[in-house]
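Everything below concerns the one structure shown next.
The values are calculated or read from the model by the stated rules, or taken from the named source; none is laboratory data. Not measured: the values here are computed from a predicted model. Cβ atoms come from the backbone with ideal geometry, glycine included; neighbour counts cover every protein chain shown. Heads up: the accessible areas ignore ligands, DNA and RNA and are worked out on the full protein's heavy atoms, side chains in. Shrake-Rupley method; radii C 1.70, N 1.55, O 1.52, S 1.80 Å.
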Amino acid sequence: MTLMLHVNATEVEYGALRELETPPATQTHVPIPHFRVVDLIRSTVGMYGHEIVGEHHGITEDGARYFGLMSLKSAYTGYEDTIGLRNSHDKSFPIGVGFGSRVFVCDNMAFIADHVIKRRHTANLKRDLPGLVGELIEPLAVHREAQARTFERYKHTMLTDASADHAVLNMYREGIINVQRIPEVLREWEEPSFDDFKDDRSAWRLFNAATFALTGRVIENAGVTPKLHQVIDGVCERTH
């Protein structure tokens, strides 16, 4: 998981969130305290049987914007199941909650996850948010099992350099990466930054090469990860 904070934001403990003041509500904008968002996710995740094993919280200097990540205990290895959070008091972005094996939250507005919900701070938000979060968390166990099966297939599918090159080109065609990212993906495919991916030239290695190159990309597009899975699934099908 990645929580990227720059000079205008800093990482804090959960207790610091409770000390922040929340602006008063207006007819069109109803801010929710940052710690309330965290509490809601904690309680909902626990209610559906998931265990949080790590948390990271960040706020901007004025306390108006919040960014957070939570790691979930996983029976599977090789990746993390992560929930990403963000909230604002200054109308800069809607409240957001995302889940994925690769979640990227940054104070430059980047918010990347496999499954995302976003909702503006309207008068109905306090009423609707618990239900929305529940809709995201309730099927989480099924998502995690399906995700594990997908990743196992990736790990056991070996790729030739030609098939990897073709997949990277398809990533470009599908708008997953731009032309500047192509060398980064290929470099990470040829020489992975992490030892876990150096032994096998597998679809799992290519998937992680792409997600590594995408880290830090400033987007608001939850459709990128599903498209990436489609490309990797396609190269796996052609290999078998």
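Structural remarks
- Among the residues here, Val218 does not qualify as at pLDDT 95 or above and open to solvent by 10 Å² or more (accessible area, probe 1.4 Å).
- Condition check for Glu145: more than 15 Å from Val231 (Cα to Cα) and open to solvent by less than 80 Å² (accessible area, probe 1.4 Å): no
- For region 6-49, filtered to residues that are β-branched (Val, Ile, Thr), at pLDDT below 90 and open to solvent by 40 Å² or more (accessible area, probe 1.4 Å), the residue that is farthest from the chain's Cα centre (by Cα) is Thr26.
- Only helices (runs of 4 or more DSSP H) whose full extent lies in region 139-240 are considered here, and the ones with at least 2 residues that are among the acidic types (Asp, Glu) and under 22 Å from the mean Cα position of the chain (by Cα) are 140-155, 182-190.
- Checking each residue of region 162-173 against the condition of being surrounded by fewer than 16 Cβ atoms within 10 Å (Cβ to Cβ), modelled with pLDDT under 80 and charged (D, E, K, R) gives no match.
- Criterion: open to solvent by less than 50 Å² (accessible area, probe 1.4 Å) and at pLDDT below 95 - qualifying residue of Phe207, Phe194: Phe207
- Flag for Ala141 being among the small types (Gly, Ala, Ser) and in contact (Cβ under 8 Å) with a residue 40 or more places away in the chain: yes
- The single residue among Leu69, Leu3 that is over 22 Å from Gly131 (Cα atoms), open to solvent by less than 80 Å² (accessible area, probe 1.4 Å) and either in a helix (DSSP H, G or I) or at pLDDT below 90 (or both) turns out to be Leu3.
- Residue in region 99-117 that is under 20 Å from Ser71 (Cβ atoms), touching a helix residue (DSSP H, G or I) at 6+ places or on another chain (Cβ under 7 Å) and modelled with pLDDT of 80 or more present: no
- Pair list, Cβ < 8 Å and 6+ apart or interchain, from region 45-60 residues that are touching a residue at least 24 places away in the same chain (Cβ under 8 Å) and farther than 24 Å from Gly131 by Cα to residues that are part of a loop (DSSP other than H, G, I, E, B) and not aliphatic (A, V, I, L, M): Gly58/Asp107; Thr60/Asn8; Thr60/Asp107
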